Amino acid sequence: MKQNSIYYIGIMSGTSLDGIDIALVNIVNGQTRLVASLETPFTDSLHQLLSSIITNKTCNIADIGNASYQLACEYAVAVNHLLQTQQIDANEIKAIGAHGQTVFHDPNSETPHSTQLLNASVLAAKTGITCVHNFREMDVALGGQGAPLVPLFHQSLLAQISTNKHNDSLVFANIGGIANLTICHQDTLLGFDSGPGNTLIDSITQQAFNQPYDRNGDLAKQGKINQELLKQLLDDDYFALPTPKSTGREYFNLTWLRQKCAENTLNNYDMLATLTELTALTISSPIQSKEGALVLCGGGAKNAYLVARLQHHLPSWHVTTSDNIGVSADFMEAMAFAWLAYRTLNHLPANAPSVTGANKAAVLGQITFAP
């Protein structure tokens, strides 16, 4: 490790519940570089517990404490393993930026909140590294959506990436369980959750095919898009809402889908084709420019059929993954939370009011110092 470099770790576990992403980054002169990374699945017991909390929306209070503790332990195991394999001491890491696990997101209620589970004290104690966490609540307290938080990080990358002639019309699409867009056009920064990313596709794939996800979109590709059902899905009020807006699995889930298609029985292949088209259309429709670059990251970037549908709806656009512009598509969000920790410790604002709707920019996150 270089003596004069500053290193942070970012941890992300998203709404897909597909595991834990760890990114070790170097931040120098405003540029963020990925040094090493690790992806690891949840243990079965933690996955079942988190899935139950998120799906049922109600739980025993003890479940919250147990899940927060177990999550911190599994985060810590992954962090310590990465440091060991890279032969890095914990004291070389300035801080961990940990997203935690979102179990409920409701910034528009009478009591606005966004809940991410994590016992940060356990994480700091088991790694010996200061932990920055709970990034969303300050933005919500300032009247914002608390999401998405990654667009400001995307904007910070513009100086270090190459997209040739498309720099003036550049859109990042992070396709996790929920998809979110960052629209960079000259000096304007916009961002919002476009709707379901992989969550509905994954749910049907798991339920009907006993597979964790539709690899490459191979199952959806065997089906036909049902235009009648697609229209019913697109008629949902969320898609017509103005920005700022954000959503989550507490809204887009199998219950939502069953309500929408109560009178429409499709075979499973056609359902997956239709849901993949829903994701493609709700990502591509808000994009107004005639041409530009759509840069994909997150698990959906690996779905070849989804990527092909996006290119179909944006024929004049260059659709690519962030890997092709020098930033890992798999670890983009983990890198972002390392960067957010850097912003917190340097007393720099980390939200963009033009994105979240907060009434002011602010330093985000809470700090739990290593013992």
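The values are calculated or read from the model by the stated rules, or taken from the named source; none is laboratory data. These figures come from a predicted structure and were not determined experimentally. Note that we place each Cβ from the backbone using ideal geometry, even for glycine, and neighbour counts take in every protein chain shown. We work out accessible area using only protein heavy atoms, side chains counted, and drop any ligands, DNA or RNA first. Shrake-Rupley method; radii C 1.70, N 1.55, O 1.52, S 1.80 Å.
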Exercise for the section: Out of the residues in the range 36-55 that are farther than 19 Å from H99 by Cβ and at pLDDT 90 or above, state the one that is least open to solvent (accessible area, probe 1.4 Å). Expected result: S52
Practice task
Report, by residue number, each residue of the range 220-243 that is assigned to a loop (DSSP other than H, G, I, E, B) and either open to solvent by 20 Å² or more (accessible area, probe 1.4 Å) or among the acidic types (D, E) (or both).
Solution key: K224, I225, N226, D235, D236, L241, P242, T243
Exercise for the section: Within the range 252-261, identify whether any single residue is at pLDDT 95 or above, aromatic (F, W, Y) and open to solvent by 20 Å² or more (accessible area, probe 1.4 Å), and answer yes or no. Expected result: no
Problem - Residue satisfying all of: in the range 155-181; modelled with pLDDT under 95 and among the polar types (S, T, N, Q); surrounded by the most Cβ atoms within 10 Å (Cβ to Cβ) among these - result: S169
Handout entry: Filter result for A90 (more than 25 Å from Q145 (Cα to Cα), at pLDDT 95 or above and open to solvent by less than 10 Å² (accessible area, probe 1.4 Å))
Key = no
Exercise for the section: Could you tell me whether any residue of the range 197-218 is assigned to a strand (DSSP E or B) and surrounded by 15 or more Cβ atoms within 10 Å (Cβ to Cβ)? Expected result: no
Exercise for the section: Would you mind finding the one in T102, T58 that is open to solvent by 80 Å² or more (accessible area, probe 1.4 Å) and not in a helix (DSSP H, G or I)? Expected result: T58
Handout entry: Where I11 falls short, out of the listed (1) crowded, with 20+ Cβ neighbours inside 10 Å; (2) farther than 23 Å from M335 by Cα; (3) of a type outside the set (D, E, K, R)
Key = (2)
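For the range 139-154, check the following and say yes or no: at least one residue is polar (S, T, N, Q) and open to solvent by 50 Å² or more (accessible area, probe 1.4 Å).
no
What are the residues in the range 105-138 that are of a type in the set (S, T, Y) and open to solvent by 40 Å² or more (accessible area, probe 1.4 Å), if any?
T111, T115, S121
Going by the conditions given, is L296 under 20 Å from the mean Cα position of the chain (by Cα), over 23 Å from D106 (Cα atoms) and of a type in the set (A, V, I, L, M, F, W, C)?
When the stated conditions are applied, L296 passes them.
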Problem - Single unsatisfied condition, G97 versus (1) closer than 24 Å to Y238 by Cβ; (2) open to solvent by less than 80 Å² (accessible area, probe 1.4 Å) - result: (1)
Practice task
Would you please list the contacts, defined by Cβ atoms under 6 Å and residues six or more apart or on different chains, that run from a residue in the range 20-44 that is more than 25 Å from G177 (Cα to Cα) and free of Cβ contacts under 8 Å to residues at least 60 places away in the same chain to a residue that is β-branched (V, I, T) and open to solvent by 40 Å² or more (accessible area, probe 1.4 Å)?
Solution key: N26/V35
Exercise for the section: Report, by residue number, each residue of the range 264-286 that is at pLDDT 90 or above and not in a helix (DSSP H, G or I). Expected result: N267, S285, P286
Exercise for the section: Report yes if S284 is of a type in the set (S, T, N, Q), within 29 Å of F153 (Cβ to Cβ) and without any contact (Cβ under 8 Å) to a residue 60 or more places away in the chain, otherwise no. Expected result: yes
Practice task
Please find, within the range 337-366, the residue that is farthest from L189 (Cα to Cα) out of those that are in contact (Cβ under 8 Å) with a residue 12 or more places away in the chain and among the polar types (S, T, N, Q).
Solution key: Q366
Practice task
Would you check which residues across the range 105-127 are of a type in the set (V, I, T) and either in a loop (DSSP other than H, G, I, E, B) or out of contact with any strand residue (DSSP E or B) (no Cβ under 9 Å at 6 or more places or on another chain) (or both) and list them?
Solution key: T111, V122
Problem - Positions within the range 285-304 being closer than 15 Å to G217 by Cα and open to solvent by less than 30 Å² (accessible area, probe 1.4 Å), in sequence order - result: G298, G300, A301, N303
Exercise for the section: Go through the range 75-99 and give me each residue that's touching a residue at least 24 places away in the same chain (Cβ under 8 Å), not in a helix (DSSP H, G or I) and not hydrophobic (A, V, I, L, M, F, W, C). Expected result: K94, G97, H99
Exercise for the section: Check whether at least one residue in the range 305-314 is at pLDDT 95 or above and open to solvent by 60 Å² or more (accessible area, probe 1.4 Å), and report yes or no. Expected result: yes
Handout entry: Given (1) assigned to a helix (DSSP H, G or I); (2) in contact (Cβ under 8 Å) with a residue 60 or more places away in the chain; (3) under 18 Å from M335 (Cα atoms), number of the condition D139 does not satisfy
Key = (3)
